[in-house]
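Notes follow the structure.
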Amino acid sequence: MLFSVEPKATRRDLYDREVELNELRDSVFRGDRLIAVYGIRRIGKTSLVKAFLSDLSQPYVLIDVRQIYFVEGNVNVGSLVRHVLDGFREFMGRNERFWEGFRDALRSIDWVRVGAGGVEVRLSRRSRMNLMELLNVIDGWCGRNSTRFILVFDEAQYMRFSNVRYDGVLAWAYDNLSNVTFIVTGSEVGALRDFLRIDDPEAPLYGRYIKEVYVDRFSKDASLDFLRRGFTELGVEVSEGELEEVYERLDGIVGWLTLYGYLRGIDKLGHREALDKVFNDGVKLVLSELDAVIKPSRARYLAILNAVAHGLNTWSEIRRYVEVRTGEVSDAVFNRLMKNLIRYGYLSKVNNTYVIPDPVVTRAVMEVHIG
Ligand SMILES: Nc1ncnc2c1ncn2[C@@H]1O[C@H](COP(=O)(O)OP(=O)(O)OP(=O)(O)O)[C@@H](O)[C@H]1O
Ligand SMILES: [Mg+2]
């Protein structure tokens, strides 16, 4: 169903994204080692990657790094190792012969105990090594089976919350494992690039080719077509004028369009109610996410976003507004705050002016008190 609200997991439920799917496919098939998928929140990164994976015959594992971080408070190697092993087990559940061979390969790792029922993991303190060892075994197994392993770190920028430098692990894997492709996704594009330290000559991954895929908002035509198809699928009649309004207000961000479609088509709300609810629920969601980012300097961050939400778009206009609202601020501090908002995707810079890329974020920052 096009309007189901969880990330899509099959090509059938995924609307369009043909270009991006082809890019991923070409990249994996020619053996690229590292692919980065960028896009703002709710633009459909996870859906794209899951739908892509669902069509592959190669083994793959998708790890939701943000989820691990929020549940466990950090991203330690133990969780990643367990997720990789569980994912492999699940993938091979359908193929006993594969699993037997893989289990044999695992026997070479001293911290993995392979029993009749499954595999038991006892991690040592050389934690960084553990992941590398496991990936090495997988790489060898793939080589022997003429296949490729695809390991996805969804919202990989959260991997920075660990005592392990994963960019080093990735660089090592990049250089040494010819049968593994990593896909990293990130809605905090700047934070993901910082984590990978793509632009830092001192960093382990510097100078390596990274295939970059950008997931963008739908065009007007695509948005309207998506909505029409979704409603047709549910047998719900809607007017063109209403759909136009939905597009104008939600701006081609598929996550919000989907939520509107769900509220209207499944929950049977009217047009106005559904649209209001997208904003009401969306604002709550946005504020809970935004809170963590702006905590260190809440009033100033909010003043910046508020300025932009009210149409002040240049550096000096925004700065003046912030000083009026929150008192004097130095260039250095102001620039740092602006840069952070860009890193986390709450602000983007277009031809020297600043915009908020998501209309629900605009609404959220207009509603909240700067205090
Ligand atoms: N191409 C698509 N066709 C249909 N529905 C989609 C498509 N892409 C995304 N969606 C829907 O939009 C919502 C957001 O998608 P998804 O979770 O994949 O986005 P995301 O970019 O990973 O978001 P987040 O940054 O929150 O992780 C979900 O409800 C999903 O079902
Ligand atoms: Mg996602």
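Just so it is clear, none of the values below were taken in a lab; they were calculated from the coordinates. Everything quoted here is computed from the prediction, not taken from an experiment. Glycine also receives a Cβ, built like all others from the backbone with ideal geometry; neighbour counts cover every protein chain displayed.
Miscellaneous remarks
- Share, in percent, of DSSP beta bridges within the chain that are antiparallel, nearest 5: 25
- For GluC sites (Glu not before Pro), the sites in region 233-282 that DSSP calls loop and that have at most 13 other Cβ atoms within 10 Å are Glu237.
- By the Cα gyration tensor, region 293-367 has an equivalent ellipsoid whose semi-axes, rounded to whole angstrom, run 16, 13, 12 from largest to smallest.
- Local net charge near Leu2, Cβ-Cβ under 11 Å (Lys/Arg +1, Asp/Glu -1): 0
- Normalised by residue number, the volume inside the convex hull of the Cα atoms of the chain is 159 Å³ per residue.
- Between Asn176 and Tyr206, the contour length at 0.36 nm per residue exceeds the alpha carbon distance by 9.3 nm.
- A Förster radius of 25 Å combined with the Cβ-Cβ distance from Tyr214 to Thr147 puts the calculated FRET efficiency at roughly 0.35.
- In the chain, the DSSP-assigned H stretches of four residues or longer account for a calculated mean residue ellipticity at 222 nm of -17000 deg cm²/dmol, using -39500 (n - 2.57) per stretch and the full residue count as denominator.
- Extension gain, Trp111-Arg325: 0.36 nm per intervening residue step, less the Cα-Cα distance, totals 71.3 nm.
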